[in-house]
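S.K.: The following block contains the structure, expressed as structure tokens.
The values are calculated or read from the model by the stated rules, or taken from the named source; none is laboratory data. It should be emphasised that the depicted structure is a prediction, and the values quoted were computed from it without experimental measurement. Positions of Cβ are backbone-derived with ideal geometry, glycine not excepted, and every protein chain shown enters the neighbour counts. SASA here: full protein model, heavy atoms, side chains in, ligands and nucleic acids out. Shrake-Rupley method; radii C 1.70, N 1.55, O 1.52, S 1.80 Å.
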Amino acid sequence: KAGVTQTPRYLIKTRGQQVTLSCSPISGHRSVSWYQQTPGQGLQFLFEYFSETQRNKGNFPGRFSGRQFSNSRSEMNVSTLELGDSALYLCASFQGQGAGELFFGEGSRLTVL
Amino acid sequence: AQSVTQLDSQVPVFEEAPVELRCNYSSSVSVYLFWYVQYPNQGLQLLLKYLSGSTLVKGINGFEAEFNKSQTSFHLRKPSVHISDTAEYFCAVSPNTGGFKTIFGAGTRLFVKA
């Protein structure tokens, strides 16, 4: 069974630009969560989608947005990039109901110059 | 709302020594508890989880954790570490009411020395 796939793995942007990151969950998983990881801050929850609906949202500004498609693939977008947005963005898939583990991708490392 | 505090940001330890990584949490509802490990340049993978039942949970790679409800703790232990255990470890909680929002601690970097 293929794991969680995130693209691109690395990218460099400049302040003011926007970026779109993609995540393909494990086949059959209907939930996708996004996290921002920075040194010393751990993983900060961005949002979670289930069956194309956002079920939960973290405390990030409106510049951070996401969506999920009917095939469960998800994208997140960050507009008007700031230096502080430099981070590893992790996507995690989950079957969708009940308790269970998150399956993580390897992340997209964003550097904002 | 839930929060997770990992009490040590870094833990250096010699190979074959025991180790304990500490995790406290707070929550207004009952939670599920998890420990994840992240090796360099990789995503996170599950070490173990507590959903209900026995408070001592065994995971992969010889790790175990004990849930203490009165102290709201979920400390991770291993009786004898290896160089390959060097990684970052994250404690996490999610509400058992179906909130589907897993909250992570800031992480503990375990460094095993020869």
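S.K.: Name the one entry in A:Arg30, A:Arg63, A:Arg15, A:Arg67 that is among the charged types (D, E, K, R), at pLDDT below 95 and over 25 Å from B:Asn41 (Cβ atoms).
M.R.: Matching residue, one of A:Arg30, A:Arg63, A:Arg15, A:Arg67: A:Arg30.
S.K.: Do we have B:Pro95 as surrounded by 16 or more Cβ atoms within 10 Å (Cβ to Cβ) and within 14 Å of chain A (Cβ to nearest Cβ) here?
M.R.: yes
S.K.: For B:Val37, state whether it is open to solvent by less than 60 Å² (accessible area, probe 1.4 Å), modelled with pLDDT of 95 or more and within 30 Å of A:Pro25 (Cβ to Cβ).
M.R.: In short, yes.
S.K.: Check every one of the strands (runs of 3 or more DSSP E) wholly within the stretch A:40-113 and list those with 3 or more residues that are open to solvent by less than 50 Å² (accessible area, probe 1.4 Å).
M.R.: A:42-50, A:64-68, A:74-78, A:87-94, A:108-112
This table checks each residue for (1) without any contact (Cβ under 8 Å) to a residue 24 or more places away in the chain; (2) small (Gly, Ala, Ser); (3) closer than 15 Å to B:Val19 by Cβ; (4) outside any loop (DSSP other than H, G, I, E, B).
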site: B:Leu33; (1), (2), (3), (4): no, no, no, yes
site: B:Glu66; (1), (2), (3), (4): yes, no, yes, yes
site: B:Ser70; (1), (2), (3), (4): yes, yes, no, no
site: B:Leu76; (1), (2), (3), (4): no, no, yes, yes
site: B:Ser80; (1), (2), (3), (4): no, yes, yes, no
site: B:Val93; (1), (2), (3), (4): no, no, no, yes
site: B:Thr97; (1), (2), (3), (4): no, no, no, no
site: B:Phe100; (1), (2), (3), (4): yes, no, no, no
site: B:Phe111; (1), (2), (3), (4): no, no, yes, yes
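S.K.: Quickly run through the stretch A:1-34 and pick out the residues that are open to solvent by less than 50 Å² (accessible area, probe 1.4 Å), in a strand (DSSP E or B) and under 25 Å from A:Arg55 (Cα atoms).
M.R.: Correct list: A:Gln6, A:Val19, A:Leu21, A:Ser22, A:Cys23, A:Ser24, A:Ser31, A:Val32, A:Ser33, A:Trp34.
S.K.: Please go through (1) more than 21 Å from A:Trp34 (Cβ to Cβ); (2) within 11 Å of chain A (Cβ to nearest Cβ) for B:Glu66 and return the number of the only condition it doesn't satisfy.
M.R.: Looking at each condition in turn, B:Glu66 falls short on (2).
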